[in-house]
1. Just how far, in whole angstrom, is the range 592-667 from the range 692-751 if you go by their alpha carbon centroids?
2. How much of the accessible area of the range 483-626, probe 1.4 Å, is carbon plus sulfur, in whole percent?
3. Take each of the peptides 351-361, 665-675, average the number of other beta-carbon atoms within 10 Å over its residues, and list them starting from the highest.
4. Which percent of Cα-Cα pairs in the range 573-711 sits in each 10 Å bin, short to long?
5. Average the reciprocal distances over every distinct pair of alpha-carbons in the range 258-315, invert the result, and give the Kirkwood radius in Å.
6. Run through the DSSP bridge list for the range 470-586 and note the antiparallel percent, rounded to the nearest 5.
7. Too long at a 19 Å Cα-Cα cut-off: which of Lys256/Lys288; Lys306/Lys402; Lys586/Lys735; Lys448/Lys652; Lys176/Lys306?
8. Kirkwood Rh over Cα pairs of the range 477-567 into Stokes-Einstein at 4 °C, 1.567 mPa s: D in µm²/s?
Amino acid sequence: MAVEETLPPVGVHGMGHKIRRKEDMRFLVGKGTYVDDIKLPNMVYLAFVRSPYAHARIKKINVEKAKSIPGVIDIITGEELEKAGLAWIPTLMGDKMMVLPTEKVVFQGQEVVAVIAEDKYAAWDAVNQIEVDYEPLEPVIDPKKALEPNSPIVRPDKNSNLVFRWEAGNKELTEKIFKEADIVVSQDFYYQRLHVAYMEPVGCIAHYDPVSGKLTLWMTTQAPHVVRTVFSLVTKIPENKIRIISPDIGGGFGGKVYVYPGYVVAAYAAIKLGRPVKWINTRSEDMKSTAFARDFHIHGELAAKKDGTILGLRIKVISDHGAFYGDANPSKFPAGLFSICTGAYDIKAAYVEVTGAYTNKPAGGIAYRCSFRVTEAAYTIERLVDILAHELGMDPAELRLKNFIPPEKFPYKSALGWTYDSGNYPAALKKAMEKIGYYELRKEQEEKRKRGELMGIGISTFVEIVGAGPADLFDIVGIKMFESAEIRIHPTGKVIARFGTRAQGQGHETTYAQIISEILGIPVEDIIIEEGDTDTCPYGLGTYASRSTPTAGAAAAVSARKILDKAKKIAAHLLEAREEDIVFEKGKFYVKGYPDKYKTIQEVALAAYTNPPPNIEAGLEAVTYYNPPNMTFPFGAYICVVDIDKGTGQVKVRRFVAVDDCGNIINPVIVDGQIMGALTMGFGTSFMEEIRYDENGNIFGGSFAEYLIPTAVETPKWELDKTVTPSPHHPLGAKGVGESATVGSPAAFVNAVVDALWHLGVKHIDMPIWPWKVWKVLREKGVAS
Ligand code: MCN
Ligand code: CUN
């Protein structure tokens with residue numbers, strides 16, 4: 001790569017410019033600052049003894065041998081934390097979670113004892129010398145069994161394993177419609193437990209200054225402000241004496257929203273010992289104990305007329321939450337936004353019921369590019385629609401085109417209560433069909449089938465729902481889900497803008513600068529974006545659920561427009577004209593009809609400090625706390641072609657066309673990057689990744705030896721295209737995109753595999769579709785070669 005290709009962009013680059021990411025230079029030359037890069041004087045290290053059992057009573061903890069290891073400073077147990085009122089802390093979902101256990105452990109890999117030592121080697125030596133005497137208890141592994149009356153109870157503080165029961169839709173109407181339907185298809189799906197496998201495991205450094213009484217935490221968190229508030233409420237440390245800094249983050253993907261015991265113990269130890277404490281998970285600790293994704297046991301039913309008109313949808317889910325209800329959903333949505341499950345279709349009646357269960361596994365649920373469980377919703381409806389097409393003998397594309405919400409019906413109110421802002425689903429599907437050569441592929445498939453070859457075509461036309469969210473519906477621990485942007489223009493026209501969000505690789509330093517550049521005509525390289533420091537950034541809810549563009553992007557636009565309004569007044573003063581006569585174009589203000597006599601935005605910025613109009617305050621800055629009027633509803637049409645090897649069961653993805661629509665695009669290269677990354681994660685989900693447990697609660701998938709993620713070798717070549725249907729309520733017409741492809745693609749992959757095998761009597765294979773699963777099916781059907 002030539003050096004100039006990696007240099008930051010020069011010039012005014014507003015919306016739609018394919019500029020390189022401003023942040024990439026420091027990452028490419030290894031100069032990013034991640035938590036583990038930070039070293040403070042006098043710092044000590046924290047490591048955890050973790051439970052080998054999924055469910056066991058702690059009888060005794062012997063720390064004597066460990067204490068005598070040179071360099072060991074302190075050993076902290078649950079009993080000690082209990083005295084400090086910190087053995088349990090609240091989760092973001094109003095439940096409680098153990099920081100360190102006092103009575104029993106509730107999942108394998110749970111933090112049991114914390115060791116603090118001069119270096120991490122001494123800490124790990126001590127971890128290995130601590131003896132914990134356990135009395136194993138019967139573990140609760142299957143969430144369905146967990147809900148049976150005679151099940152052992154996971155939690156010491158509860159008398160049942162029921163987390164919640166939640167429903168949406170009109171049950172009676174749905175039942176009536178199902179009774180009247182010509183055909184009902186139904187299927188069980190298990191959307192497996194996943195780990196997000198970001199590059200940087202979770203960790204933190206806690207530093208307490210006894211002079212100022214200030215606690216500073218460098219933390220791998222996607223939501224620094226919310227964590228600060230929770231920390232303040234739990235510890236009673238005044239909120240202005242807690243500073244959370246999220247430095248560069250090596251991928252978050254939802255796994256870094258959760259509040260981990262390590263954060264709390266590190267903070268406690270830093271205050272107790274008066275020394276900075278660093279805690280960084282190892283990779284396998286991370287895989288065994290951090291917030292998981294999915295784990296939904298779904299039963300779906302679709303009712304239709306003979307001609308393929310879909311009438312009703314009914315879904316029952318049992319969701320496995322592990323030992324604590326630690327999802328990071330908006331509080332009114334215990335099952336996230338699963339009720340977007342009617343998808344792209346005009347369905348009269350729908351009813352959904354989700355029951356959450358505690359089991360002896362780690363907590364989590366909202367992670368891995370899920371948009372609050374839209375992944376599970378899109379998968380369910382898109383699989384059901386394909387099954388219906390096959391049962392009816394109809395083409396899956398034709399069936400979709402017949403049932404799409406027509407473009408003229410937007411804004412569209414869904415049977416489960418959402419008002420879709422805009423969409424054009426037939427346009428996206430037709431574009432994808434044309435690009436891939438859909439009908440030719442169907443012909444090829446027919447011929448191949450005659451020769452006994454297995455080829456499948458899978459479609460997914462998903463709808464996303466992102467931008468949480470409107471204050472009347474969306475809050476986290478009571479805090480409304482607004483988002484903030486503060487823009488300051490200095491006298492020389494250079495800009496610093498700060499946000500309540502926190503990118504983990506999404507490129508906000510570039511795209512937010514492009515938004516400001518678009519509106520104010522200031523070159524992108526003159527705009528610095530800062531996120532992730534609660535002492536300097538305005539309060540915000542953070543980056544997850546692809547909400548940053550719909551919320552913080554909107555806040556940036558509104559703040560920039562506020563500044564432009566004031567700048568116009570200043571320009572009128574400088575040009576000795578009336579404000580109404582001032583025209584603003586490409587960074588220049590002039591009087592209507594006299595474009596040659598202008599003042600630049602930079603000159604206006606200087607005047608804001610040196611020569612403001614008499615009736616106007618000095619300075620040029622604005623802050624906005626943006627409350628979105630509605631969610632945004634991105635969508636897409638994906639088509640996948642697979643060939644299956646009858647000898648090995650290996651599925652080869654021959655082609656994958658993805659047509660995405662996220663409204664107006666800020667940076668097309670970043671959006672393409674987001675889509676390719678998310679497609680790769682959808683591919684991993686469909687064919688490789690799973691965290692499983694045996695009947696004793698032993699994890700399978702706790703290291704990369706067992707948890708397979710796609711490398712460049714396995715990853716298919718993605719063919720991207722787009723349609724543009726702007727959001728009518730977003731100030732820039734933009735919708736979110738960060739998770740779309742992980743939401744939409746698994747159904748396309750699985751639909752393709754089942755399409756290849758349907759004629760053999762195969763209706764479904766659960767993900768991950770490992771070769772041996774396919775091979776087993778081929779053997780059963782007598783076609784394995
Ligand atoms: N964008 C754009 N035009 C649009 C929409 C988005 O240019 N119309 C740009 C945005 O400006 C931003 C990026 O695309 O730079 C993603 O924007 P958005 O869809 O708003 O999503 P967020 O910024 O809120 O990112 C969150 C989302 C989530 S929830 C997960 S999970 C995920 C994802 O982003 N985690 C990621 N993408 C990731 N990418 C990386 N590299 N690392 C992660 O951890
Ligand atoms: Cu669900 S993963 Mo993203 O919302 O951080």
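The values are calculated or read from the model by the stated rules, or taken from the named source; none is laboratory data. All figures in this text were calculated on a predicted structure; none of them were measured in a lab. Using ideal geometry, Cβ is built from the backbone for each residue, glycine included, and neighbour counts are taken over all protein chains shown. Note: areas computed on protein heavy atoms with side chains; ligands, DNA, RNA excluded. Shrake-Rupley method; radii C 1.70, N 1.55, O 1.52, S 1.80 Å.
1. 21
2. 49
3. 351-361, 665-675
4. 8, 19, 17, 17, 12, 11, 10, 4, 0
5. Computed over Cα pairs of the range 258-315, the Kirkwood hydrodynamic radius comes out at 16.1 Å.
6. Details: 7 of 12 bridges.
Roughly 60 percent of the beta bridges in the range 470-586 run antiparallel, per DSSP.
7. Checking Cα-Cα distances, Lys586/Lys735 exceed 19 Å.
8. 99
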